[in-house]
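Before any comments, here is the structure.
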Amino acid sequence: MSAPLLDIKGVKSFYGKIMALKGVDLSVNEGEIVTLIGANGAGKSTLMMTVFGTPRAREGRILFDGRDITDMPSHEVAHLRIAQSPEGRRIFARMTVRENLQMGSEIDHGAYFHQDLERVTALFPRLRERLDQRGGTLSGGEQQMLAIARALMMRPRLLMLDEPSLGLAPIIVKQIFDVIRDLNKRDGMTVFLVEQNAFHALRLAHRGYVMVNGLITMSGTGRELLARPEIRAAYLEGGRH
């Protein structure tokens with residue numbers, strides 16, 4: 001079997017003196033959707049940020065397509081076609097939707113902007129209607145769509161999504177998860193998904209990991225994890241949003 005596209009080995013990272021990640025092992029193969037679930041504060045977002053070098057891994061290695069990126073500057077990581085839609089969306093509120101999307105295409109100096117604009121607005125038709133509207137005036141769901149679309153403008157080999165369902169209405173959550181599924185099935189997009197919405201995430205994922213207090217405590221296929229009683233008790237009771 002070929003090596004994973006993303007391979008995280010024994011990674012420890014800190015905020016000051018506090019160890020946030022305590023030796024994490026996780027892999028994402030090309031063409032897979034892999035999800036990382038866990039309670040708020042478990043270290044999920046920290047792991048995603050550590051791939052980008054903020055914070056840096058103090059111990060362990062991070063490999064992308066066999067290349068060690070552990071100590072690589074964040075902008076160089078992005079140039080390897082790793083795109084992130086961060087928690088809290090973090091779009092450019094004063095810029096229009098079109099300008100936000102142009103920022104995503106800058107990795108290629110805008111060379112594919114028009115064809116990629118067609119592609120992402122076909123995925124998210126609501127953005128097409130709002131191209132000249134400022135990002136900060138969009139609804140929460142529209143801002144999340146914009147954050148994902150901006151990441152897709154980078155033509156990523158690995159799409160990393162941090163809490164894409166956070167704070168959104170169930171109908172919008174379903175739309176966003178449907179788009180992720182389509183990108184994977186139709187385009188073979190590799191996706192690493194950090195989510196608190198365990199039910200949706202594990203139904204979507206080929207494989208999943210569970211993180212508790214900076215450690216991976218469980219892994220398996222999405223279906224296996226969904227069936228485990230301890231997962232159901234901890235993350236799914238009353239949680240089918």
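The values are calculated or read from the model by the stated rules, or taken from the named source; none is laboratory data. In this text the structure is predicted, and so the values were computed from the model without any measurement. No Cβ is skipped: glycine too gets one built from the backbone with ideal geometry, and neighbour counts run over all protein chains shown. Heavy atoms of the whole protein, side chains included, go into the accessibility calculation; ligands, DNA and RNA do not. Shrake-Rupley method; radii C 1.70, N 1.55, O 1.52, S 1.80 Å.
When Lys and Arg each count +1 and Asp and Glu each count -1, what net charge do the other residues less than 12 Å away from Phe14, Cβ to Cβ, add up to? Local charge sum for Phe14: +4. When +1 charges are put on Lys and Arg Cβ atoms and -1 charges on Asp and Glu Cβ atoms, the dipole computed for segment 76-166 relative to its Cα centre reaches about 120 debye.
Segment Glu30..Asp108, full-extension length gain: 25.8 nm, with 0.36 nm per residue of separation and the alpha-carbon distance subtracted. Over segment 1-49, accessible surface divided per residue gives 42 Å², non-protein components excluded, 1.4 Å probe. Annotation: per residue accessible area for segment 153-209 equals 36 Å², rounded to a whole number [probe 1.4 Å, protein chains only]. Surface composition of the chain: carbon plus sulfur atoms contribute 50% of the solvent-accessible area (1.4 Å probe, protein chains only, all chains present). In a shell of Cβ-Cβ distance under 15 Å around Thr35, excluding Thr35 itself, what net charge do Lys and Arg (+1) and Asp and Glu (-1) give? In short, 0.
Straight-line reach from Lys9: which aspartates and glutamates fall under 16 Å, measuring Cα to Cα and dropping same-chain residues less than 8 apart? Leaving aside aspartates and glutamates fewer than 8 places away in the same chain, those within reach of Lys9 are Asp25, Glu59, Asp65, Asp68, Asp71. Ordering Leu127, Thr54, Ile172 by the projection of their Cα atoms onto the charge dipole of the chain, which places +1 on the Cβ of Lys and Arg and -1 on the Cβ of Asp and Glu, puts Ile172 at the extreme positive end.
Between 0 and 90 degrees, the angle of helix 170-187 with respect to the longest Cα principal axis of the chain falls at about 90 degrees. Summarising the strand pairing of the chain, around 55 percent of its internal DSSP beta bridges are antiparallel. Please say if segment 30-83 is rounded, prolate or oblate, where rounded means a/c under 1.5 for a ≥ b ≥ c the square roots of the C-alpha gyration tensor eigenvalues, and otherwise the choice is prolate for a/b larger than b/c and oblate otherwise? The shape class here is oblate.
Computed 3J(HN,Hα) for segment 8-14, one whole-Hz value per residue from the Karplus formula 6.51 cos²θ - 1.76 cosθ + 1.60 where θ = phi - 60°, is 9, 10, x, 7, 10, 9, 10, glycine and proline marked x. A simple count of charges around Arg181, restricted to other residues whose Cβ falls under 13 Å of its Cβ and scoring Lys, Arg +1 and Asp, Glu -1, yields 0. Partners of Lys174 within straight-line reach, counting lysines whose Cα lies under 24 Å from its Cα and excluding those fewer than 8 residues away in the same chain: Lys44, Lys185.
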